[in-house]
Amino acid sequence: MDNLIPAPVRAGGDDGRGFLLDGATTLTAGPGTGGTERWLRTTLGAAFGLPLAPAPTDAAGSANTVELRVDASLEPEGYRLEVEPVRGVRITGGSAAGVFWGAQTLRQLLGPEAFRRAPVSPGAERRVPLAEIEDGPRFGWRGLMLDVARHFTPKDGVLRMLDLLAAHKLNVFHFHLTDDQGWRVEIKRHPRLTEVGAWRARTKYGHRASELWDGTPHGGFYTQDDIREIVAYAAERHIRVVPEIDIPGHSQAAISAYPELGNTDVIDTSALSVWDTWGINPNVLAPTDNTLRFFEGVFEELLELFPAETSPFIHVGGDECLKDQWRQSPTAQARMSELGLTDEDELQSWFIRHFDRWLADHGRRLIGWDEILEGGLAEGAAVSSWRGYAGGIAAAEAGHDVVMCPEQQVYLDHRQDGGPEEPMPIGYVRTLEDVYRFEPVPPGLSEEAARHIMGIQANVWTEVMQNRDRVDYQVFPRLAAFAEVAWSPLPAPGERDFAGFERRMNTHYARLDALGVGYRPPAGPQPWQRRPGVLGRPIEGPPPTV
C-alpha cells in the first residue's frame, strides 16, 4: 500500500501472504459493473494469462473471486477495496466509475507485471496484499489537454493516452482539435476543413526563432467514426472528452480552407495557407453572420460526435485573439456600431456569448480560456484559467465554474530542468517537485468561490513535440505528480510529502516501463531523448505567481 499513486485517502493492511490470484479465480460482477469486468479480464487476464471466468450466478459470498459491486451510499467516484486471504477481492464503488477506479488500484497492488500485455513469468505467484482501502477524489475535474493540431497524434496514440489517463485516475480528456497549424476533425458539410486545413507543407523545427525547418509535409485528421471510437473508448474508462474548436483566433487553418471566414476587407485571405510556424497569429475570424452560421454548422456535427452524457462541455478556445484586423476592418467596425459595442474586446465577448447561448440551447455548456473574461463573460460559461490564478479567481468570485490550469504550474510542454541537455527547452523550469506542490485553490479565496473550482488540468502543447516519444518525455513522470494533486486530499498541514512521493515513484517507474512510456528519467534525458542544437525558448527567472 505504500507505493500507490495517487495516494489513497485511507489505506490499511498487514504483512500476511495475501490473496493468491490463480487460474481458478473468478469475477463476480454486480449490476452496473460490466465495463470494469470487461476491463479487468482484458488487462489482468492478459498480463497474467488468467481466464478470470465469470462466477456462477449463485456464487454470492463464495471464495477465490474478485467481486465488483455498486453501493450508492458512497460518493460517486469513491470506492472501497478489501482483500481477504480466502474470499479474495471486493471492490465497492459509489457508481460504475468508483468501481473502475478501485480496479485501477487493484492493478497497482499486483505489481508492475500487471501493466504488461502478456505474462513474463508464467506460473509465478500473483498475490494481492491484504488491504482495506477507502478512497475518493478531491476534484471532480481531473484533466489533461492534448494539442493534436500543432503535431497530429494518430488515433491509436489517442487511445493509448486515454489508457494512461485511466491508470492515473484522471477523468477528463481535453481534445484540442483545431488551430492555425491544422484542423483535425472531419466536418462533412465543410469538407475543405480537412482536405485543405489538415495539411501543411513544412514545419518550424524548434522555437519560432529557430532557423531550422522540417520540410516533410505534416498533417492528418480524425474521421467521424474515429471520433466516435475515441469517445466510446474514453467512456468505457469513465473519461469525459471535451472537444475544442478554437475561435475566433487561432483559426488560420479554417480560413485557409474557406477564405470568406477571414477579414477579406483587410487582407487577401485567399493567399493564406495552413500556418507552418508558431506564435500568436494575426489572422482571426470575421465577426459576420456567415461566420456564425458556418461554425454553428461545425458545432451541430460536433455535438452528434460528442454526446451530452459524455461531453457536457464544449471548449471554444477564445485565447490569444489579436484584434488588429478588426480595428482595420470596416465590416468589423460596422458590426460594433450596430451592436453598440465600445471596443474590440466587447466584440469578442459578443462572439463568445453567441455560442454560449447556442450551446445552451442545445443542452451543452461553453468553456473557454480565461481571455473570454475580457469584455464581459457569457452567463453560463466556465473558464480554463491558464494565465496564472488571476482569471480563475475573478471568474470564481463572479460565480462562474473554473478549471485551474495555470501555465506557470501545469504546462507540461515547459522544460523539466534548467540544464543544457533538455530537448528543445520551452518556458519555465517545472520540475517533478514543482508540479507535485501545485495547489489549485488559491489562498484567500472565499468559501463560496472555492466551490466553483471544478478541478484542475495539465496542458500539453505540441509545437516542439513531433511524435509520441517526445510527448511521453514531456508528460511523464510529471503527470503522476499532477494526478496525485488532482485526486489525493491535501494533508492537514498544507504541505505535501514529496520525499514520500519520490519513494513511491520508484515502483511507479517500473509500471511506466511495463507500459512502454518513454518518460524523462530522474537523472536526466537519455542520449536519444536530447535534441542538441535546436533552439528553444528558455525564460529566465522565476515564473510569475498569478
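Within region 45-68, the set of residues being assigned to a strand (DSSP E or B) and either surrounded by fewer than 17 Cβ atoms within 10 Å (Cβ to Cβ) or of a type in the set (G, A, S) (or both) comprises A53, P54.
A quick yes/no check of all residues on (1) hydrophobic (A, V, I, L, M, F, W, C); (2) within 19 Å of D2 (Cβ to Cβ):
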site: L490; (1), (2): yes, no
site: R496; (1), (2): no, yes
site: R537; (1), (2): no, no
site: P543; (1), (2): no, no
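Residue pairs whose Cβ atoms lie under 7 Å apart, separated by 6 or more positions or on different chains, with the first residue in region 247-269 and closer than 14 Å to L193 by Cβ and in contact (Cβ under 8 Å) with a residue 12 or more places away in the chain and the second assigned to a helix (DSSP H, G or I) and small (G, A, S), are P259/S270; L261/A254.
Beta carbons closer than 9 Å, at least 6 apart along the sequence or on distinct chains, pair a first residue in region 344-365 that is in contact (Cβ under 8 Å) with a residue 24 or more places away in the chain with a second that is of a type in the set (S, T, N, Q) and part of a helix (DSSP H, G or I) for F351/T291.
Listed residues V475, V464, V485, V471; which is in contact with a Leu (Cβ under 7 Å, 6 or more places away or on another chain), closer than 30 Å to D179 by Cβ and of a type in the set (V, I, T)? Criteria check complete, one pass: V475.
Residue-wise test of (1) more than 28 Å from E244 (Cα to Cα); (2) without any contact (Cβ under 8 Å) to a residue 40 or more places away in the chain; (3) not aliphatic (A, V, I, L, M).
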residue: V435; (1), (2), (3): no, no, no
residue: R451; (1), (2), (3): no, yes, yes
residue: V460; (1), (2), (3): no, no, no
residue: D472; (1), (2), (3): no, no, yes
residue: P489; (1), (2), (3): yes, no, yes
residue: M505; (1), (2), (3): yes, no, no
residue: A510; (1), (2), (3): yes, no, no
residue: G518; (1), (2), (3): no, no, yes
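Just one residue in the set A481, A492, A486 is part of a loop (DSSP other than H, G, I, E, B) and either at pLDDT 95 or above or surrounded by fewer than 13 Cβ atoms within 10 Å (Cβ to Cβ) (or both); that residue is A492. Considering A360, A394, the condition of being crowded, with 17+ Cβ neighbours inside 10 Å, of a type outside the set (D, E, K, R) and not in a loop (DSSP other than H, G, I, E, B) is satisfied by A394 alone.
Please indicate, with yes or no, whether at least one residue in region 507-516 is touching a helix residue (DSSP H, G or I) at 6+ places or on another chain (Cβ under 7 Å), more than 24 Å from V9 (Cα to Cα) and either buried (at least 17 other Cβ atoms within 10 Å of the Cβ) or of a type in the set (A, V, I, L, M, F, W, C) (or both). Among the residues of region 507-516, at least one is touching a helix residue (DSSP H, G or I) at 6+ places or on another chain (Cβ under 7 Å), more than 24 Å from V9 (Cα to Cα) and either buried (at least 17 other Cβ atoms within 10 Å of the Cβ) or of a type in the set (A, V, I, L, M, F, W, C) (or both), which makes the answer yes. In the set (1) more than 30 Å from the chain's Cα centre (by Cα); (2) more than 16 Å from G197 (Cβ to Cβ); (3) part of a helix (DSSP H, G or I), L341 fails one condition alone, (3).
Every residue in region 205-229 that is buried (at least 21 other Cβ atoms within 10 Å of the Cβ) and either in contact with a strand residue (DSSP E or B) (Cβ under 8 Å, 6 or more places away or on another chain) or closer than 30 Å to W101 by Cα (or both), please. Of everything in region 205-229, those that are buried (at least 21 other Cβ atoms within 10 Å of the Cβ) and either in contact with a strand residue (DSSP E or B) (Cβ under 8 Å, 6 or more places away or on another chain) or closer than 30 Å to W101 by Cα (or both) turn out to be F221, Y222, I227. Hey, does region 167-181 have a residue that's touching a residue at least 24 places away in the same chain (Cβ under 8 Å), among the small types (G, A, S) and out of contact with any strand residue (DSSP E or B) (no Cβ under 6 Å at 6 or more places or on another chain)? There is at least one residue in region 167-181 that is touching a residue at least 24 places away in the same chain (Cβ under 8 Å), among the small types (G, A, S) and out of contact with any strand residue (DSSP E or B) (no Cβ under 6 Å at 6 or more places or on another chain). Comparison of Q325, Q348 shows that the only residue that is more than 17 Å from I245 (Cβ to Cβ) and in a helix (DSSP H, G or I) is Q325.
The values are calculated or read from the model by the stated rules, or taken from the named source; none is laboratory data. Remember, it's a predicted structure, so these values are computed and weren't measured experimentally. For neighbour counting, all protein chains shown are included, and Cβ atoms are generated from backbone atoms with ideal geometry for every residue, glycine included.
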